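Asks: Submitted below is the structure of interest, expressed as structure tokens.
The values are calculated or read from the model by the stated rules, or taken from the named source; none is laboratory data. Predicted model only: the values in this text are computed from it and were never measured. Cβ atoms come from the backbone with ideal geometry, glycine included; neighbour counts cover every protein chain shown.
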Amino acid sequence: MAATRRSRRMAADILTYFVLVSMSLFCIGPIVWMFLTSLKLEADIVTQTMQYIPNRITFQNYVAIWTQSSFPVLIGNSFIVTLITVVVCLATGTLAAYAFSRYTFRGRNTLMLGYLVVRMFPAVMMIIPLYVVLRSVGLIDSRIGLALAYTSFLLPLFVWMLKGFFDAAPKELESAARIDGSTRFGAMLWIVIPLARNGLVASSVFIAIAAWNEFLFALMLTTGQGSRTWPVGLQLMVGEFQLPWGVLAAGGILSILPVMLMFALVQRVMVQGLTAGAIKG
Amino acid sequence: MDTGSHLPKTGMIGELSETRYWIYLLLLPSLVIILLVIAYPTIYGMAISFREMRLTRPGLTGWVGFKHYLVMIDDPVFWVALKNTVLWVTFAVVLELGLGFIAATALNRNVPGTGIFAVLILVPYFLPNVVAGHMWALLLDPRLGVINDILVRVGVLGSYKAWFADPNTALAATIFVEAWHGFPFFALLLLAGLKGIPHDLYKAAAVDGAGPIAQFRLITVPMLKSVIAAAVILRVISLVNSPDLLLILTGGGPGDATQVLSLYAFQTAYKDFNFGYASALSVVMFVILMVFAYAYIRLSKIGQE
């Protein structure tokens, strides 16, 4: 009896590893292939017989995308747009998340539901009026205008995520500080926010990745070099210059580096935060 | 007044926070932004759907009532896009839910190394659409696609196939790419759900003689119901609303084989600059989504919990 149970357990473990390994390969394999492609000479990509391991390794694709296109400018624009988006969300969203987490007031649930419902609006439905509005105030094709457009769908997300982290921060220390004579603002600034700093970082990174990756709004709301972000630039390069596969792959790898870096940095906290928010929501 | 607090002084804002206006001060900044960048544009967008607005023909303007909606009824592309939207979203969600469930179940067994596997499985979800799209275009390329090569070597395919150019396989191929991109989202949420099920339930069921299948049917599925419902509805919303991947992979082609509503609306706005009709299309999309969400929440009864 004990033997069959142990062997059954062993079989389940083997099956688990089989599933985990094949799923990981499924997820990572394509990215590894893109990386290998970025290291190949174009002649080795367009061949009769497929080269699985590159015969010759070259970095000329990376040099090409960085020096012979506007890629550095695009990356710089993306960086600034992402930064503005995060700063605006941090400055305004943190306060709202704190209010939702700590206070009960009339209309609280309605307002929180409202924050969720706005995420249901189709992107296109937002893009057209945003285009008209931004154009009339002179913010079309500007990095601030694009960042403001991003807050339309990222600020509600930020508030919901951060509220989960605030909920998880113990209330006792805050009460102690209040008894100690601290103001509400003081307790929030010096007690609660430091307690929830992991959550602040994770929520910020999550919206930073979303802003960095965003494509549709950027395609519609930017027209020139001044504010165009890298997803739009890369897509247009493919269309206009018949971008060689190796160069495109190099551009892809370069542009996901920051995402992977940020993800690696905070994946543990972020996974907790995502799941906590989702369960409560 | 010396409050005696050991924390640094907070000045005027600190004093303000003791008044009853504090809560409104906290909410005001984000509310102003939301009203400015969401509420106003939304109402404006709905208004545009009843107007003529083409950037290419500035003279053509004014209210047209339900004209765009009537045109839509006779627009064959609209109906094709509607059908494709339903197919695309349904198959993608079913596939992602299935893959996500398998991944979550495997991760939940907590075998050594689970942490690394969890990170690897999550990665596709954070990959930008632009990169994911072109990467899969390369993998499935009719001349140099490695997947074609593997399938030919294994003997599944006779020769390389142009997955995205063949109207019979284009939609299926894009669904496959979307499933790759989106299933980690389900894996993440379902894993959280699985972790929330108390272990005692399974022990008690095992004592009562319930096998793994009965345990799955009688404990896992009912306990996960609300998580599944929430995950499905969030995913449906984002799938219906975002045409990014299709825009990059096929642009709706070949013909209208992969044309969906969100993409059609976007192209109407971006290529033709026909803002009035594009707005009407997105309003219809929004109404369909709302009706779906309402019916779905009612049917799955997640609202009661």
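Asks: So which helices (runs of 4 or more DSSP H) stay within the stretch A:1-105 end to end and still have 1 or more residues that are among the polar types (S, T, N, Q) and more than 26 Å from B:ASP149 (Cβ to Cβ)? First the steps, then the outcome.
Replies: On the way: elements: A:2-38, A:42-45, A:60-67, A:71-102.
Because the criterion is at least 1 residues that are among the polar types (S, T, N, Q) and more than 26 Å from B:ASP149 (Cβ to Cβ), the helices (runs of 4 or more DSSP H) in the stretch A:1-105 that meet it are A:2-38, A:60-67, A:71-102.
Asks: Report yes if B:VAL227 is surrounded by 21 or more Cβ atoms within 10 Å (Cβ to Cβ), among the β-branched types (Val, Ile, Thr), modelled with pLDDT under 90 and assigned by TED's automatic domain parsing to the domain that holds B:ILE297, otherwise no.
Replies: On the way: surrounded by 21 or more Cβ atoms within 10 Å (Cβ to Cβ): yes; among the β-branched types (Val, Ile, Thr): yes; modelled with pLDDT under 90: yes; assigned by TED's automatic domain parsing to the domain that holds B:ILE297: yes.
Judged against the criteria, B:VAL227 is a match.
Asks: Suppose the filter is closer than 17 Å to A:VAL73 by Cβ, hydrophobic (A, V, I, L, M, F, W, C), free of Cβ contacts under 8 Å to residues at least 12 places away in the same chain and assigned to a helix (DSSP H, G or I); does A:LEU236 pass it?
Replies: yes
Asks: Can you find a residue in the stretch B:189-200 that is surrounded by 13 or more Cβ atoms within 10 Å (Cβ to Cβ) and closer than 16 Å to B:LEU127 by Cα?
Replies: No: zero hits.
Asks: Hey, another quick one. Please enumerate the residues belonging to the stretch B:147-179 that are touching a residue at least 24 places away in the same chain (Cβ under 8 Å), of a type in the set (Asp, Glu) and in a helix (DSSP H, G or I).
Replies: B:GLU178
Asks: Out of the stretch B:55-90, which residues are buried (at least 16 other Cβ atoms within 10 Å of the Cβ), more than 23 Å from B:ASP244 (Cβ to Cβ) and within 13 Å of chain A (Cβ to nearest Cβ)?
Replies: Answer for the stretch B:55-90, where residues must be buried (at least 16 other Cβ atoms within 10 Å of the Cβ), more than 23 Å from B:ASP244 (Cβ to Cβ) and within 13 Å of chain A (Cβ to nearest Cβ): just B:HIS68.
Asks: Then there is this: Return the pairs, sorted by first residue and then second, in which the second residue is hydroxyl-bearing (Ser, Thr, Tyr) and surrounded by fewer than 23 Cβ atoms within 10 Å (Cβ to Cβ), the first residue lies in the stretch A:185-209 and is more than 13 Å from A:LEU173 (Cα to Cα), the beta carbons are less than 8 Å apart, and the residues are 6+ apart or on different chains.
Replies: The qualifying pairs are A:PHE185/B:THR10; A:PHE185/B:SER17.
Asks: So which residues in the stretch A:113-161 are small (Gly, Ala, Ser) and either in a helix (DSSP H, G or I) or under 16 Å from the mean Cα position of the chain (by Cα) (or both)?
Replies: In the first step, residues of the stretch A:113-161 are kept if they are small (Gly, Ala, Ser); the result is A:114, A:123, A:136, A:138, A:142, A:145, A:147, A:149, A:152.
A:GLY114, A:ALA123, A:SER136, A:GLY145, A:ALA147, A:ALA149, A:SER152, listed by residue number.
Asks: Going through the stretch A:102-154 one residue at a time, which ones are small (Gly, Ala, Ser) and either in contact (Cβ under 8 Å) with a residue 60 or more places away in the chain or crowded, with 22+ Cβ neighbours inside 10 Å (or both)? Break it down stepwise before answering.
Replies: Looking only at the stretch A:102-154, we keep the residues that are small (Gly, Ala, Ser), and these are A:107, A:114, A:123, A:136, A:138, A:142, A:145, A:147, A:149, A:152.
Within the stretch A:102-154, A:ALA123, A:SER142, A:GLY145, A:ALA147, A:ALA149, A:SER152 qualify.
Asks: May I pose another question? Quick check: is even one residue across the stretch B:239-261 within 11 Å of another protein chain (Cβ to nearest Cβ), among the small types (Gly, Ala, Ser) and more than 18 Å from the chain's Cα centre (by Cα)?
Replies: Checked the stretch B:239-261: at least one residue is within 11 Å of another protein chain (Cβ to nearest Cβ), among the small types (Gly, Ala, Ser) and more than 18 Å from the chain's Cα centre (by Cα).
Asks: Quick check on my filter: what residues within the stretch B:248-272 are in a helix (DSSP H, G or I), closer than 19 Å to A:ALA218 by Cα and touching a residue at least 40 places away in the same chain (Cβ under 8 Å)?
Replies: To start, the set of residues in the stretch B:248-272 that are in a helix (DSSP H, G or I) comprises B:248-249, B:261-270.
Within this subset, residues satisfying the condition of being closer than 19 Å to A:ALA218 by Cα are B:248-249, B:262-270.
Listed by number, the residues that qualify are B:ILE248, B:LEU249, B:SER262, B:LEU263, B:TYR264.
Asks: Give the residue, chosen from B:PHE216, B:PHE183, that is at pLDDT below 85, aromatic (Phe, Trp, Tyr) and either within 30 Å of A:ALA11 (Cβ to Cβ) or crowded, with 18+ Cβ neighbours inside 10 Å (or both).
Replies: Working: B:PHE183 fails: at pLDDT below 85.
Within the list B:PHE216, B:PHE183, the selection yields B:PHE216.
Asks: Let me spell it out: the conditions are (1) without any contact (Cβ under 8 Å) to a residue 24 or more places away in the chain; (2) touching a Ser or Thr at 6+ places or on another chain (Cβ under 9 Å); (3) assigned to a helix (DSSP H, G or I), and B:LEU144 meets all of them except one. Which number is the exception?
Replies: (3)
Asks: Would you point out which residue out of B:GLY158, B:GLY98, B:GLY113 is assigned by TED's automatic domain parsing to the domain that holds B:ALA81, surrounded by fewer than 17 Cβ atoms within 10 Å (Cβ to Cβ) and at pLDDT 90 or above? Before you say what the answer is, go through the steps one by one.
Replies: Working: B:GLY158 fails: at pLDDT 90 or above; B:GLY113 fails: at pLDDT 90 or above.
After ruling out the rest, the residue left standing is B:GLY98.
Asks: Here's a follow-up. Scanning for something farther than 26 Å from A:ILE256 by Cα, more than 8 Å from chain B (Cβ to nearest Cβ) and surrounded by fewer than 16 Cβ atoms within 10 Å (Cβ to Cβ), does the stretch A:19-40 turn up at least one residue?
Replies: No: the stretch A:19-40 contains no residue that is farther than 26 Å from A:ILE256 by Cα, more than 8 Å from chain B (Cβ to nearest Cβ) and surrounded by fewer than 16 Cβ atoms within 10 Å (Cβ to Cβ).
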